[in-house]
Amino acid sequence: MTTIRYANDKFELEPNESVLECLTNRGVPVPFSCRSGVCQTCMMRATGGKPPETSQQGLKDSLKLQNYFLACVCYPDTDLEVALPDDDDIQAVIPATVLSLKLLNADIMHVELECHAPIDYRAGQFINLFQNQALGRSYSLASVPHEDDHLHLHVRRLPQGRVSGWIHGELRPGQTVEIRGPGGDCFYIPGNSEQGLILIGTGSGLAPLYGIIRDALSQGHSGPIHLFHGSRDLNGLYLSGELQDLVKKYSNFNYVPCLSGDGVCHGFASGRADEVAFKQISDLKNWRIFLCGHPEMVKTAKRKAFLAGASMKDIYADAFNVSQSS
Ligand code: FES
């Protein structure tokens, strides 16, 4: 039986149990968000024993050398002594003031934050926002550093979502929250400006895409840029006016709102965003693809894009956590 030591406690790891599950199931307040090794919210440090390599994927080499690991994907077969990270070694937590909160549709809240210290990010990356020391969630940035003075998030309220429920129901302008970041590699890289871009998003997956599109356009991207934003019904779409304004301003930008439910009206494409996109553009050789939103859509679209000729290095994906407790 593998043992996990934390502070003065000693826990036995159950079969197929991650270090995160082992600790949180026994009341240790380890923050987490995606539970899939992406957001790095659950980073811990092994102060005794060696964490498995698979639990260090995506971490900087300097952190790996210091035995940092991601608790949600850590399944050790030897004993470990673990601790929460030292703030000096990882990205510092930054306080940020909530400037405004505005509903973009019935479920998605626009959150504007003013950081108390500079944060160096790319449009489309995510930050972790903490409700308290033990509870944080990742949210993508819809803002563009050289265009927007503050950070913008689109937070979808999930059923029984602890952090999203708190943001929608209790957070108020003027309050201070703590954030950490940025993270993620789903962003626009300048260069090859004539390459076509296809962006496919569902729900609040529009947040990073909205940032990426404005970033690319403001940096003079001249190739065609096609956005496919999908929802089941009309109420799930948002920022349509702002996107139509971009269509008028930039001749290379095209916006296709997609509805997958019944009764699709004029001006909307019928079907799931990824299906509509790959029907309209079937040969994806040399296109750059951005996929954000529901994990099933992201997974399916990634495979379809590859089969339609896109190179894996040109596919950028950000699958959102949609679990009920997020
Ligand atoms: Fe572990 Fe996201 S990386 S919770």
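The values are calculated or read from the model by the stated rules, or taken from the named source; none is laboratory data. Source: prediction; values computed, not measured. So basically every Cβ, Gly included, is an ideal-geometry build from the backbone, and we count neighbours across all protein chains shown. Quick note on the areas: whole protein, heavy atoms, side chains included, nothing else; ligands and nucleic acids left out. Shrake-Rupley method; radii C 1.70, N 1.55, O 1.52, S 1.80 Å.
crowded, with 21+ Cβ neighbours inside 10 Å, assigned to a loop (DSSP other than H, G, I, E, B) and in contact (Cβ under 8 Å) with a residue 40 or more places away in the chain - does that describe any residue in the range 295-302? Looking for residues that are crowded, with 21+ Cβ neighbours inside 10 Å, assigned to a loop (DSSP other than H, G, I, E, B) and in contact (Cβ under 8 Å) with a residue 40 or more places away in the chain, one finds none in the range 295-302, hence no. Taking the range 91-197 and the strands (runs of 3 or more DSSP E) fully enclosed by it, the elements with 2 or more residues that are of a type in the set (A, V, I, L, M, F, W, C) and within 14 Å of the chain's Cα centre (by Cα) are at 126-132, 151-156. Determine, yes or no, whether Thr3 is modelled with pLDDT of 90 or more, out of contact with any Cys (no Cβ under 9 Å at 6 or more places or on another chain) and either at negative phi or open to solvent by less than 30 Å² (accessible area, probe 1.4 Å) (or both). Answer is yes for this residue.
Out of Ile225, Ile289, Ile281, I need the residue that is under 16 Å from Ala310 (Cβ atoms), at pLDDT 95 or above and touching an Asp or Glu at 6+ places or on another chain (Cβ under 8 Å). Which one?
So the residue among Ile225, Ile289, Ile281 that is under 16 Å from Ala310 (Cβ atoms), at pLDDT 95 or above and touching an Asp or Glu at 6+ places or on another chain (Cβ under 8 Å) is Ile289.
Set side by side, the residues Leu141, Leu217, Leu206 differ, and just one is crowded, with 24+ Cβ neighbours inside 10 Å, at pLDDT 95 or above and under 20 Å from Lys249 (Cβ atoms), which is Leu206.
So is Glu81 touching a residue at least 40 places away in the same chain (Cβ under 8 Å) and within 20 Å of the chain's Cα centre (by Cα) or not? When the stated conditions are applied, Glu81 does not pass them. When the residues of the range 29-51 are filtered to those that are away from the ligand (no atom under 13 Å from the Cβ) and under 25 Å from the mean Cα position of the chain (by Cα), the one that is surrounded by the most Cβ atoms within 10 Å (Cβ to Cβ) is Arg45.
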